[in-house]
1. On the given criteria, is PHE83 at pLDDT 95 or above, within 16 Å of the ligand (Cβ to nearest atom) and in contact with a His (Cβ under 8 Å, 6 or more places away or on another chain)?
2. Considering only segment 86-97, state which residues are in a helix (DSSP H, G or I) and more than 16 Å from the ligand (Cβ to nearest atom).
3. List pairs: first in segment 159-185 and outside any strand (DSSP E or B), second modelled with pLDDT of 90 or more and surrounded by fewer than 18 Cβ atoms within 10 Å (Cβ to Cβ), Cβ under 6 Å, 6+ apart or cross-chain?
4. What's the total number of residues in segment 140-158 that are in a helix (DSSP H, G or I) and under 17 Å from VAL36 (Cα atoms)?
5. All but one of (1) more than 18 Å from the chain's Cα centre (by Cα); (2) assigned to a helix (DSSP H, G or I); (3) more than 30 Å from GLN103 (Cβ to Cβ) hold for LYS127; state the number of the condition that does not hold.
6. GLU88 passes all but one of (1) surrounded by fewer than 20 Cβ atoms within 10 Å (Cβ to Cβ); (2) out of contact with any His (no Cβ under 9 Å at 6 or more places or on another chain); (3) closer than 30 Å to LYS163 by Cα; which number fails?
7. Can you tell me which residue is modelled with the lowest pLDDT among those in segment 130-161 that are touching a Lys or Arg at 6+ places or on another chain (Cβ under 9 Å) and within 23 Å of GLY29 (Cα to Cα)?
Amino acid sequence: MKSLVVLASLLIGLSAQAELKIKQFPDDGRDYRPGVDSGFETYRTKSMLNTKKVVLTFDDGPHIINTPKTLDVLKKYGAKATFFVLTENISEKTMPIIKRIVQEGHILASHHHDHQNNNGKSEAQYKQELEKTVTLIAELNAKFGGSNELYYRFPYGEYGSGKLDYHHFNVMKEVSNNVFQENCINFAFWDIDSLDWLSPMSEKDIVSAFRWWKSL
Ligand SMILES: [Zn+2]
């Protein structure tokens, strides 16, 4: 994965969920079907477009240079964000950044263990990686005094392919029950992709990407 940080976007439903303490996905007791239950609007998806609320999210870190720079800017403006990190990037070297994310009041969340498209994985592989990533994120949140809510975002927003014989949400419910004894993994998509992972993108390009999304 070449793009290192930062996908800033409006996060669907996250702040609303936090306020209401309602688990958004996946629904309890529902059997999700590959190739049928997919897309962004099938579920209780909440868009934040035109709500005058903004939730900033950053994907694909922690990165040794870019994540601290992002944290510095957030600190300067007194802003809070959610960091969907790849747990394969967590090491002794990046652990101080994870600690900083949590202790500066941001939400530490999972963007899966690696950044591969999960539609290309077997059920056993997806399950094993999901367990690994959510367990580690929960442990680190507990260790550094972070949120006890677990948030998760699929790499590329990809899941539920009809080519598979399982659906990721069913696995997510199973893992959640095994690891947390409840249906507690909340997952999130996005409204706006700032496209800053494209290279080269100037500040002006990123602003125009935001305007383009808003115009849709
Ligand atoms: Zn990503």
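The values are calculated or read from the model by the stated rules, or taken from the named source; none is laboratory data. This structure is a prediction, so every number in the text was calculated from the model and none was measured. We place every Cβ from the backbone using ideal geometry, glycine too, and count neighbours over all the protein chains shown.
1. yes
2. MET95, PRO96, ILE97
3. GLY162/GLY35; TYR166/GLU123; VAL175/GLU131; VAL179/THR135
4. Start the filter on segment 140-158 by keeping residues that are in a helix (DSSP H, G or I), which leaves 140-144, 155-157.
Next, from what is left, pick out any that are under 17 Å from VAL36 (Cα atoms): 157.
Looking only at that region, the number is 1.
5. In the conditions (1) more than 18 Å from the chain's Cα centre (by Cα); (2) assigned to a helix (DSSP H, G or I); (3) more than 30 Å from GLN103 (Cβ to Cβ), LYS127 misses (1) alone.
6. (2)
7. Per the criteria, the residue is GLU149.
Table: residues versus (1) among the acidic types (Asp, Glu); (2) farther than 23 Å from GLY160 by Cβ; (3) in a loop (DSSP other than H, G, I, E, B).
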site: ASP27; (1), (2), (3): yes, no, yes
site: ASN50; (1), (2), (3): no, yes, yes
site: LYS69; (1), (2), (3): no, yes, no
site: LYS99; (1), (2), (3): no, yes, no
site: VAL102; (1), (2), (3): no, yes, no
site: GLN116; (1), (2), (3): no, no, yes
